[in-house]
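Heads up: the structure comes next, in structure tokens.
The values are calculated or read from the model by the stated rules, or taken from the named source; none is laboratory data. If you're wondering where the values come from, they're calculated on a predicted model, not measured in any experiment. Reconstructed Cβ throughout: ideal geometry from the backbone, glycine too, with neighbour counts over all protein chains shown.
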């Protein structure tokens with residue numbers, strides 16, 4: 001599917017970063033649509049943070065191009081980053097300054113509007129009461145919140161959050177998840193890099209799985225979860241007869257019986273999962289067989305992630 | 001006024017306001033460091049106050065043996081304190097300004113604002129200069145008050161000499177603030193930069209300047225150039241004693257070259273830094 005540049009918050013083409021012989025990011029074409037929560041997944045050392053560092057001008061690409069909110073990086077860095085809030089790795093602060101003063105340091109480089117947004121940003125992350133305390137006394141979770149407040153100073157169109165849930169307690173995670181969802185509801189784009197797969201699954205609409213510097217899979221969460229096809233469970237009055245009926249269809253890639261139900265795998269198809277299931281159901285009923293249960297087998301992001309990265313690992317090892 | 005002129009003046013006003021906003025935030029990073037500020041104030045205002053307080057106590061206890069603390073001899077002490085002793089707090093303030101963003105990791109968040117690394121680097125220098133000049137000016141004014149107010153029978157320095165002394169103290173200490181900031185930007189950490197600045201200035205240069213076999217190589221030492229330009233007569237005599245007589249041009253070249261080289265290196269490191 002082709003997408004116009006204006007509909008993309010982030011677009012990279014052939015983005016590559018080498019450190020000597022080591023390739024940290026390998027020809028990455030990343031497309032993040034505006035108004036989405038996009039999850040960037042990958043094991044440690046996959047290249048997620050290096051990719052983010054290039055997006056925000058902290059590292060220089062070896063090859064390839066980057067556009068952030070329609071502005072080329074690094075040529076139009078000021079224009080692009082004036083609309084971006086980012087946490088790269090862990091948020092860092094001057095420990096001898098208060099939370100408010102730390103925000104003032106960054107806001108002063110942004111704009112007068114950013115200075116006037118400090119109170120609002122602190123309130124939004126629940127730190128208004130502690131803003132006068134020195135950051136040296138903040139917990140990791142409070143520093144994460146303050147990092148998010150720093151992102152909100154400019155009322156950003158794009159937020160890039162690298163492991164924002166680190167150090168947060170469960171209520172804190174819920175709050176930040178709700179905050180990300182509310183930002184997306186406001187039309188902002190959030191790029192969330194995380195190794196917390198469950199968190200990404202609950203927060204993001206689209207994901208990319210990165211391993212060894214390359215994107216292995218990318219797209220909507222549903223398409224990633226379905227992988228090359230989808231599975232569903234079927235219980236009927238005559239499973240053996242249904243098995244014979246389904247095997248003749250090209251879009252059915254596999255039928256397995258566990259003695260109590262059939263587990264059917266469908267190939268990826270433009271018609272869509274629901275339509276294919278409807279076709280199958282009509283055929284079964286047309287043959288006078290009763291259907292007791294049809295349910296989609298939901299694959300977790302975690303199992304899909306390990307499936308994709310394991311394949312890549314085997315390829316890399318020549319297995 | 002035409003609308004485009006109004007718009008242009010509005011943009012200039014906003015840019016000006018933004019600059020003061022940035023400078024104010026930058027100075028806050030230094031003024032909130034209690035240890036650094038205490039050392040800066042003690043090394044400037046404190047050094048002047050304590051020195052003259054002790055001398056005045058001596059003078060009051062035995063006016064015949066100890067003359068009035070003001071006048072030319074008092075002025076020489078002001079120059080010695082603010083042009084030599086103050087190099088230590090100037091170096092500490094400069095290295096702090098040059099390294100604190102990198103040391104804390106905040107540099108990453110400053111770059112992510114989209115501001116150029118060059119403007120962030122220069123803002124750091126400007127902040128350090130402003131924070132340094134305030135206690136220095138206060139210390140110099142206290143010194144001048146003593147020099148003229150408590151001159152007694154001593155000859156007072158001319159206004160021209162006093163003005164020259166002010167420029168000298170400000171110039172020398174700023175050279176050290178800026179050189180230290182550049183060196184700290186190059187290292188990215190404060191400790192080694194302080195050790196090099198103070199070790200080089202007070203130990204290595206102090207030893208090497210007395211090694212006559214080095215000949216005119218010693219002219220490139222910062223302390224040689226600074227001593228050579230000192231309005232305090234006793235300091236110029238020290239250079240003659242060790243066989244050095246750099247030209248005025250050499251002095252100025254050396255004084256400009258040290259901070260310039262350190263800051264070009266520090267800026268280049270920041271420019272290339274993959275934060």
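Summary table
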{"quantity": "Some residue of the stretch B:153-176 being in contact with a helix residue (DSSP H, G or I) (Cβ under 8 Å, 6 or more places away or on another chain), at pLDDT below 95 and within 14 Å of chain A (Cβ to nearest Cβ)", "calculated": "no"}
{"quantity": "Meets criteria (at the interface with another protein chain (Cβ under 9 Å from one of its Cβ atoms), more than 27 Å from the chain's Cα centre (by Cα), under 28 Å from residue A:177 (Cβ atoms) and not in a loop (DSSP other than H, G, I, E, B)) for residue A:107", "calculated": "yes"}
{"quantity": "Residue within the stretch A:127-139 that is under 23 Å from residue A:194 (Cα atoms) and either without any contact (Cβ under 8 Å) to a residue 60 or more places away in the chain or within 11 Å of chain B (Cβ to nearest Cβ) (or both) present", "calculated": "yes"}
{"quantity": "Residue selected from the stretch B:80-105 under the condition within 14 Å of another protein chain (Cβ to nearest Cβ) and out of contact with any helix residue (DSSP H, G or I) (no Cβ under 7 Å at 6 or more places or on another chain), by the criterion farthest from residue B:168 (Cα to Cα)", "calculated": "B:105"}
{"quantity": "Any hit, the stretch A:27-50, residues being more than 22 Å from residue A:195 (Cα to Cα), free of Cβ contacts under 8 Å to residues at least 24 places away in the same chain and either within 14 Å of another protein chain (Cβ to nearest Cβ) or within 15 Å of the chain's Cα centre (by Cα) (or both)", "calculated": "no"}
{"quantity": "All positions within the stretch A:116-126 that are in a helix (DSSP H, G or I) and either under 27 Å from the mean Cα position of the chain (by Cα) or away from every other protein chain (no Cβ under 14 Å) (or both)", "calculated": "A:119, A:120, A:121, A:122, A:123, A:124"}
{"quantity": "Complete set of residues in the stretch B:106-116 that are more than 7 Å from chain A (Cβ to nearest Cβ) and either surrounded by fewer than 19 Cβ atoms within 10 Å (Cβ to Cβ) or without any contact (Cβ under 8 Å) to a residue 40 or more places away in the chain (or both)", "calculated": "B:116"}
{"quantity": "Checking residue A:10 against (1) within 14 Å of chain B (Cβ to nearest Cβ); (2) closer than 26 Å to residue A:220 by Cα; (3) surrounded by 16 or more Cβ atoms within 10 Å (Cβ to Cβ), the condition it does not meet", "calculated": "(1)"}
{"quantity": "Members of the stretch B:40-67 found to be closer than 10 Å to residue B:146 by Cβ, surrounded by fewer than 18 Cβ atoms within 10 Å (Cβ to Cβ) and touching a residue at least 12 places away in the same chain (Cβ under 8 Å), listed by number", "calculated": "B:49, B:56"}
{"quantity": "Flag if residue A:43 is closer than 21 Å to residue A:190 by Cα, at pLDDT below 90 and in contact with a strand residue (DSSP E or B) (Cβ under 7 Å, 6 or more places away or on another chain)", "calculated": "yes"}
{"quantity": "Matching residues, the stretch A:79-101, being within 11 Å of chain B (Cβ to nearest Cβ), more than 26 Å from residue A:51 (Cβ to Cβ) and touching a residue at least 40 places away in the same chain (Cβ under 8 Å)", "calculated": "A:94, A:95, A:96"}
{"quantity": "Search result, residues across the stretch A:176-191 that are assigned to a helix (DSSP H, G or I), surrounded by fewer than 18 Cβ atoms within 10 Å (Cβ to Cβ) and out of contact with any strand residue (DSSP E or B) (no Cβ under 8 Å at 6 or more places or on another chain)", "calculated": "A:178, A:182, A:185"}
{"quantity": "The listed residue being at pLDDT below 90 and away from every other protein chain (no Cβ under 14 Å), out of B:13, B:7, B:47", "calculated": "B:7"}
{"quantity": "Verdict on residue A:72 being buried (at least 22 other Cβ atoms within 10 Å of the Cβ) and not in a loop (DSSP other than H, G, I, E, B)", "calculated": "no"}
{"quantity": "Condition met for residue A:113 (in contact (Cβ under 8 Å) with a residue 24 or more places away in the chain, more than 7 Å from chain B (Cβ to nearest Cβ) and surrounded by fewer than 23 Cβ atoms within 10 Å (Cβ to Cβ))", "calculated": "yes"}
{"quantity": "Scan of the stretch A:274-299 for residues that are surrounded by 14 or more Cβ atoms within 10 Å (Cβ to Cβ) and touching a helix residue (DSSP H, G or I) at 6+ places or on another chain (Cβ under 7 Å), ordered by number", "calculated": "A:280, A:283, A:284, A:289, A:291, A:294, A:299"}
{"quantity": "Positions within the stretch A:85-104 being over 28 Å from the mean Cα position of the chain (by Cα) and assigned to a helix (DSSP H, G or I), in sequence order", "calculated": "A:99, A:100, A:101, A:102, A:104"}
{"quantity": "Filter result (over 19 Å from residue A:151 (Cα atoms) and touching a strand residue (DSSP E or B) at 6+ places or on another chain (Cβ under 9 Å)) within the stretch A:74-96", "calculated": "A:74, A:76, A:96"}
